[in-house]
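To start, the structure under review is shown below, and the notes come after it.
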Amino acid sequence: MTFINLLQRAGCLLLLTGAILQANGQKPVKVILDTDIGPDYDDVGAMAVLHSLADKGEAEILATISCNHHYLTGPTLQLFNTYFKRPGIAVGVPKFMALSMGASQKWPQELMTKYPHRNKANDEFPDAVKVYRELLAKAADTSITVIAVGFLTNLSDLLHSPADKISPLTGKELVEKKVKHLVSMAGRFPSGREFNVYKDTVSAAYAIQNWPTPVYFSGWEIGNEVHTGLNLSQNKKISRSPVKDVYARCIPMAPIDSSGRMSWDQTAVLAGVRGAANYFNTVRGRFVLLDNGKNVWENDPAGKHYYYTFKMSPAGLSDIIEELMTR
């Protein structure tokens, strides 16, 4: 069988999967992914999981947006979208005040030399808030799932955004009208201090307190127990993959990753697309952020905030995520 035949067969399988989902009344979840794509490499795993779910017909990726000002985050997102054969996915980057953090292992720089992408730096991409406003303005009501696996900078900026030529609605009004819910890898539960929150505490506080639709938190303690990427990094059947390249480069650099990297971001993507029911229980209440970047939790039966606890074992989740990352 030729390579072209294999591609054609793969395409038919993807179409068949999508047709089966639609026949069962399941429409793809419309997703905007907001990621810091750089300080850690679980974001790479999250991109792989999201595209794999899109291949299965379970997700429609509307945009991949960086909350990180580092000059390579936009090109990195574009590179992965291109690799997964979705080069037209919108990419946005922060244009104003935002953290700028690169990867200590320099994996983005390595990928730039090996895989195709059109743009070379963030200044060639549109503003993140503009991308959000354009997509939300034309979306059906309560049709969008936002999955945030980085700083909440863009979400705060979106909520602050005024009415403009794109929409007569403010950012908060657009979110309330168009977003079903937010799934965020943020916080540590029932209390603790977590990177995505404390690195930009001001934005996190505003976004979480003012987000008008339900917010689901996949906390630090969830992803910390779910290790993935080791089997992928050692899979000799995969010869050219930026996902494998990143994990193969980074896992040996840290003894703590000897059994695979923690999967903070992948758990949020999995729950954001498939829902929590098969994987997690939820606790309802209110996320309270203290001035020092630590969060605490208040149980509230009427609260709009939820955090996940394990229903499926961490090992079971690892297997599911690893399989999606390896597709």
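Which of the residues spanning segment 108-164 are open to solvent by less than 30 Å² (accessible area, probe 1.4 Å), in a helix (DSSP H, G or I) and touching an Asp or Glu at 6+ places or on another chain (Cβ under 9 Å)?
Selection gives L111, A128, V129, Y132, R133, T153, N154, L155, S156.
Pairs please, first residue from segment 101-121 and on the phi > 0 side of the Ramachandran plot, second anywhere and open to solvent by 40 Å² or more (accessible area, probe 1.4 Å) and not aliphatic (A, V, I, L, M), Cβ atoms under 9 Å, 6+ apart in sequence or on different chains.
Pairs that qualify, where the first residue is on the phi > 0 side of the Ramachandran plot and the partner is open to solvent by 40 Å² or more (accessible area, probe 1.4 Å) and not aliphatic (A, V, I, L, M), are K106/R249.
Could you look through segment 35-58, keep only residues that are free of Cβ contacts under 8 Å to residues at least 60 places away in the same chain and assigned to a helix (DSSP H, G or I), and pick out the one that is farthest from F195 (Cα to Cα)?
Checked segment 35-58; the qualifying residue farthest from F195 (Cα to Cα) is A54.
Rundown of residues vs (1) at pLDDT 95 or above; (2) more than 26 Å from K199 (Cβ to Cβ); (3) more than 21 Å from the chain's Cα centre (by Cα), yes/no style:
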| residue | (1), (2), (3) |
| --- | --- |
| H117 | no, yes, no |
| F125 | yes, no, no |
| A139 | yes, yes, no |
| T142 | yes, yes, no |
| F151 | yes, no, no |
| L155 | yes, no, no |
| H160 | yes, no, yes |
| K177 | yes, yes, yes |
| L182 | yes, no, no |
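Take the residues in segment 59-107 that are in a helix (DSSP H, G or I) and out of contact with any strand residue (DSSP E or B) (no Cβ under 7 Å at 6 or more places or on another chain), then tell me which one is most open to solvent (accessible area, probe 1.4 Å). Steps first, please.
The first filter runs over segment 59-107 and keeps only residues in a helix (DSSP H, G or I), leaving 73-83, 107.
Remaining after also requiring out of contact with any strand residue (DSSP E or B) (no Cβ under 7 Å at 6 or more places or on another chain): 75-76, 79-80, 82-83, 107.
On the way: P75: 0, T76: 1, L79: 1, F80: 0, T82: 39, Y83: 76, W107: 0 Å².
Result: Y83.
The values are calculated or read from the model by the stated rules, or taken from the named source; none is laboratory data. Treat the numbers as computed from the prediction; the structure is a model and nothing was measured. A quick note on method: Cβ atoms are made from the backbone with ideal geometry, for glycine too, and the neighbour counts reach across all protein chains shown. Heads up: the accessible areas ignore ligands, DNA and RNA and are worked out on the full protein's heavy atoms, side chains in. Shrake-Rupley method; radii C 1.70, N 1.55, O 1.52, S 1.80 Å.
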